[in-house]
Structure formats: structure tokens, C-alpha cells
Amino acid sequence: MQKLEQIYEGKAKKVFATDNPDYVIVSYKDDATAFNGLKKGTIAGKGVINNKMSNMMMEMLEKKGVPTHYVEQLSDRDTVVKKVEIVPLEVIVRNVAAGSFSKRYGVAEGTELAIPTIEFSYKNDELGDPLINTYHALALRLATKEEIDEIKRLAFAVNDALKEFFKSLGIDLIDFKLEFGRFHGQIVLADEISPDTCRFWEAGTWDTTKHVSLDKDRFRRDLGGVEDAYQEIIKRIMGK
Ligand code: UDP
């Protein structure tokens, strides 16, 4: 597979064309941003960890019947993925209250939710990714009813698989963000699954006020030990 010209640069990844029109190469950077780009920094080694981890998660999910964009890892930072048209919705699944959910509804972080929940944000940096309901998503033609139903079904299937997997590593999956794309008419899981996009808490600490974050909250909230948290996650995954 030949790596051709760069076609896009995002906050955490670059995307390159290949000699196959159906495939692109994503290249993971160490750059980190938070609060819609207001906070910027680097997390040494993050790109290598997120690349490896996301690919392993996608392979596991494929085995469980979730179609993904993953094709093949090329190197520490580079992976071949299917060239999808991203559905402009950020899909957030939650098991335990944290972050914006806690703030919006005035519920303490670490409160277990009665059922896993799903919500959508409209992927639009200028607008700051506002929360959107499915009627508005349909009204704005962001996706069809069938696509949204499929996205919901797959998002909860991903939650079931990831929750169980991380539990076995002594990690509670609090919440996470997914993105989906269209590939030859099919909805497939795209983007990444990593400590950038998931909240991972040391097992058993979620129902206390002193939960231990092993994810990007260490960067967002200036908790220190950012690199160590990413290393710890990949170490436990590789040890499986
Ligand atoms: N998240 C993300 N990208 C975003 C916003 C959120 O990956 O632009 C992830 C975040 O890491 C967390 C989950 O989605 O695992 C829920 O985030 P929340 O809505 O609570 O927002 P935050 O508190 O991070 O602003």
C-alpha cells in the first residue's frame, strides 16, 4: 500500500491518500486538545498507544459482529482504514455520570446510571459540537432514520463488548465517544477507541469521590501522570 498525499489534518491524526481509492492511511499524532481546541498540548507516545489500542479494539469488535473501518496496521503510528464518509454526529454512550452529563443534570460524577444512555452531538467545530436530538438530525439530513437506528444498535453493542473487556482488566468503562461512517452503503464504526475518547476509571473507584482516571481527563483537568495513564492502559490490554 502506497502512502500518497496528505488529504486532511485533524487535532490528533493526519489522513493520507493511498493507491487504492477505497482506503486511506491515518497517522496518529501526540498532539492533544481539549475544550474544543482551547487547551493544547502534547502527550509523549500517545499516537503510538492510541494507534495500537484502537486497532486491537476494532479487531475485537469485528469478531463480535460490529463492522469497522479497520483494515491493517502499517507501523507504530500508521494504519490503513476504509475511506468512509463520516456521519457528522458524535455518538456518546454512558454507563456512569461524568463530565458534561454531570454538569448538565447536576448529578455527582460517579453516579451509576439506571440504564446505559446514548446521546448525539452535531460534529461542527464552529458551533462547538452542540447536543442534537434525532429529530433535528433527520431534519438537517445528517443521517437517515435507518442509519440512526443502526448507529444506536451498534453503539450499544460496542458498549457491551468494551465494558466486559475492560472489566476483565480491572477498569470501569464510564463513557465514550464513537463516530460512524458510510462505506459502500453500510454504516461502519470509524475514528478511534482510545483514552482520548473514553473515560476509564480504576475499577471500584467510580462510586467514590476519589475516582482514579486512566484517560484524557488527566490532561483536561491537569491531574498529572498523563503519559503514565496511557501507558498503563496499553500495558493491561497487551497483557491480555
Ligand atoms: N468525548 C470525546 N470527544 C469530544 C467530547 C467527548 O471523545 O469532543 C468523549 C470523552 O472523552 C468522554 C465522553 O466522550 O469519554 C463523554 O464526554 P462528555 O460529554 O462528558 O464531555 P466532556 O466532559 O469531556 O466535555
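From the list 171, 193, 233, exactly one residue is over 24 Å from residue 81 (Cα atoms), open to solvent by less than 20 Å² (accessible area, probe 1.4 Å) and within 15 Å of the ligand (Cβ to nearest atom). Which is it? Let's see the steps before the verdict.
Numbers: 193 fails: over 24 Å from residue 81 (Cα atoms); 233 fails: over 24 Å from residue 81 (Cα atoms).
Residue meeting the stated conditions: 171.
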Considering only residues that are more than 9 Å from the ligand (Cβ to nearest atom) and open to solvent by less than 30 Å² (accessible area, probe 1.4 Å), look in segment 114-139 and name the one that is nearest to the chain's Cα centre (by Cα). 120
If you check every pair at least six apart or on different chains, which have Cβ atoms under 9 Å apart with a residue in segment 162-177 that is free of Cβ contacts under 8 Å to residues at least 60 places away in the same chain first and a residue that is open to solvent by 40 Å² or more (accessible area, probe 1.4 Å) and within 11 Å of the ligand (Cβ to nearest atom) second? none
Can you find a residue that is in contact with a strand residue (DSSP E or B) (Cβ under 6 Å, 6 or more places away or on another chain), part of a loop (DSSP other than H, G, I, E, B), of a type outside the set (A, V, I, L, M) and farther than 25 Å from residue 185 by Cβ anywhere in segment 99-109? no
Hey, among the residues in segment 95-108 that are within 20 Å of the chain's Cα centre (by Cα) and closer than 23 Å to residue 38 by Cβ, which one's surrounded by the fewest Cβ atoms within 10 Å (Cβ to Cβ)? 100
Based on what the data block shows, is residue 87 over 22 Å from residue 213 (Cα atoms) and in contact with a Gly (Cβ under 7 Å, 6 or more places away or on another chain)? yes
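The values are calculated or read from the model by the stated rules, or taken from the named source; none is laboratory data. None of these values were measured; they are calculated from a predicted model. In this analysis, Cβ positions are derived from the backbone assuming ideal geometry, glycine residues included, and neighbour counts consider all displayed protein chains. Calculation scope for accessible area: heavy atoms of the full protein, side chains included, ligands and nucleic acids excluded. Shrake-Rupley method; radii C 1.70, N 1.55, O 1.52, S 1.80 Å.
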